[in-house]
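Derivation of every value follows stated rules applied to the coordinates shown; laboratory data play no part. From a predicted model like this one, the values you see are computed outputs, not experimental measurements. Neighbour counts run over all protein chains shown; Cβ positions are idealised from the backbone, glycine included.
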Amino acid sequence: MKIWKSLNNNVAVVLDEKGQEKIVMGKGICFKKGAGDTIQDELIDKTFFLSGAEANSKFQVMVQDVPMEHIALGEEIITEAKVRLGNKMNDMIYISLIDHVHTSIVRFQEGITVKNILLWDIRKFYKDEYQIGLWALALIKNKCNVELPEDEAGFIALHLANAQMDEEKMHNMYEITHIMQEVLNIVKYNFNITFDEDDVYYYRFITHLKFFAKRLAEKKQYKDDDNDDLWLVIKGKYPDAFRCVEKITGFIEKKYEYKLSKDEQLYLTIHIERVVNKTKSD
C-alpha cells in the first residue's frame, strides 16, 4: 500500500484501488517515509474510511495531534456502540467522540473535571447510549489506568445519540434533551405522577418526544395531514391529556416561537393519554 500523504510517524493517508482516500494507522509506519513509499500491510493496525469529505478532512487534522492509543480507544468504543445500537452513525462521530475521549483523559490527568448538568436526564432519555458510556469508562480505566467520573459516561452517550439522529450534520443534543425535560415536567406536574421509566409506554413517549424536540430545535414545522376529524375525536375523547397538550403548546410557542401543528398536538395527546393512564393504573 503506497503513501499518498504522511500525517505523522504513525498515520498516513493512502489511496485504494478505486482512488478513494483511506487513513491507516500503525506504530512507526511512516518513519523516514513519504509520499509514494510503500507501507507493508502487516504493519497497519487500523484502517479508517470516512465517506464524507468534511469528516475525512477533519479526521486527518485531528489524528495529527491525538495519541494513537486514544484514537484506538475511541474507535473501539464506536465499534461497540454500532454493535449494541444497531444503527448507522454519522462519520462525524469519529471526530467528536475520539476528540472527547482524548480531551477528557488529558483534562483528568491535569486535575480538571467537568460537571455534566444533564446527567440525570441522559440516564432517562438515552439509556442504551448511557450504558455504552459506562462500558467506555471501564475500558478507559483498563487501557489507560484513568478513572473518569460518571459525568463522562453522559457526555459519551450524548455524542452517540447525536450521531444517530442525523446523518448529514450534528445537532445540539443539549437543547434537544432540555426541551424533552421541559415537556416531561409539564406532563408530570399537570397529572401529579411519577413515571415508570422501564415501562414500554414511557419508552414510546420518550421516543416521540425525542423527534419532536429535534424538529423544534431545527425549527422544522410538522406538515399537517388532513386529520381534522381525527383531531376533534381525540380532543373530545381525551380531554385531560388534550388540556395538558394545550399547556405544552402555549409554553413552546412563548419560549421557542414554534407553533405546534394539529397533528403534533394529536400525537402528543395520544402518547400522554397512554403513558398517564398506564402510570396511574400501576
- Just subtract the alpha-carbon distance of Lys254 and Gln131 from 0.36 nm times their residue separation and send over the number in nm, one decimal. 40.7 nm
- Task: Using the Kirkwood radius over Cα pairs, work out the Stokes-Einstein diffusion coefficient for the chain at 37 °C and 0.692 mPa s, in µm²/s as a whole number.
- Result: 153
- Item | Leading residue at positive end of dipole, the chain (Cβ point charges), from Val61, Ile71, Val276 | Val276
- For the cross-link pairs Lys188/Lys247; Lys2/Lys32; Lys247/Lys278; Lys33/Lys58; Lys214/Lys278, which exceed 18 Å when the distance is taken from alpha carbon to alpha carbon? Lys247/Lys278; Lys33/Lys58; Lys214/Lys278
- Going residue by residue through the stretch 123-133, the Karplus relation 6.51 cos²θ - 1.76 cosθ + 1.60 with θ = phi - 60° gives ³J(HN,Hα) values, rounded to whole Hz and with x marking Gly or Pro, of 4, 7, 8, 10, 4, 5, 5, 5, 4, 5, x
- How high is the FRET efficiency between Lys82 and Val114 when r is their beta carbon distance and R₀ equals 22 Å, given to the nearest 0.05? 0.25
- Note on the structure: Counting Lys and Arg as +1 and Asp and Glu as -1 over every other residue whose Cβ sits under 10 Å from the Cβ of Tyr256, the net charge comes to 0
- Task: Check cross-link reach from Lys254 to the lysines: straight Cα distance under 16 Å, and skip same-chain residues fewer than eight apart.
- Result: Lys219
